[in-house]
Amino acid sequence: MAKRVHRPREDAEFDFILGASGVPVLAYFIGTWPKAIEPCRLMDLVVGDIADDCAGRLTAVRADITRCPAATERYGVTGAPSYVLLKEGEAVAHASGPMTVTGIRNFLDSHL
């Protein structure tokens, strides 16, 4: 996975990253249960590419649903993988399910 994708270990770290980001944040939520592992692993590569391409214009955060339960609840995440685009800490768009690089770019472009 790209080094530009933050991987908080808990809600407090997730919130710190959001507060420290001066640019929009793409938070993508992953699951560790058997049916979620493979789609989430594939999304690591896709989101990593996006994070590299958008360095300085977007912060990418990979949040494990079980490690960041407050963030998961706050943003209404009900499955994995799920994506929340945040501007100044406020959710402006949601999406879920595996997506291609083009799909995520279209999602971002329509909201940035």
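What's the local net charge at Asp11, with K and R +1, D and E -1, over the other residues with C-beta under 11 Å away?
Values: positive: Arg9, Arg67, Arg74; negative: Glu10, Glu13, Asp15, Asp64, Glu73.
Overall, the nearby charge balance is -2.
When the square roots of the Cα gyration tensor eigenvalues are ordered a ≥ b ≥ c, the ratio a/c for the chain is under 1.5, which makes its shape rounded. Taking the protein heavy atoms of region 41-112 in the context of the full set of protein chains, the accessible area attributed to carbon and sulfur is 49 percent at 1.4 Å.
Here the dipole of region 1-55 is about 120 debye; that uses its Cα centre as origin and unit charges on the Cβ of Lys and Arg (positive) and Asp and Glu (negative). Relative contact order of the chain, taken over Cα pairs closer than 8 Å and 6 or more residues apart, is 36 percent. Ordering Gly97, Leu45, Ser21 by the projection of their Cα atoms onto the charge dipole of the chain, which places +1 on the Cβ of Lys and Arg and -1 on the Cβ of Asp and Glu, puts Leu45 at the extreme positive end. The mean accessible area for residues of the chain, using a 1.4 Å probe and ignoring ligands and nucleic acids, is 54 Å² per residue. A protection proxy built from the mean count of other Cβ atoms within 10 Å ranks the segments 16-24, 70-78, most packed first, as 70-78, 16-24. Expressed to the nearest 5 percent, the antiparallel share of DSSP beta bridges inside the chain is 60 percent. Here the chain is treated with +1 on each Lys and Arg Cβ and -1 on each Asp and Glu Cβ, and its dipole about the Cα centre works out to around 180 debye. Helical runs assigned H by DSSP (4 residues or longer) give the chain a calculated mean residue ellipticity at 222 nm of -12000 deg cm²/dmol, each run adding -39500 (n - 2.57) before division by the residue total.
The values are calculated or read from the model by the stated rules, or taken from the named source; none is laboratory data. Just so we're clear, the structure is a prediction, and the values are computed from it rather than from any experiment. Don't worry about glycine lacking a Cβ; one is built from the backbone with ideal geometry, like all the others, and counts go over all protein chains shown. Heads up: the accessible areas ignore ligands, DNA and RNA and are worked out on the full protein's heavy atoms, side chains in. Shrake-Rupley method; radii C 1.70, N 1.55, O 1.52, S 1.80 Å.
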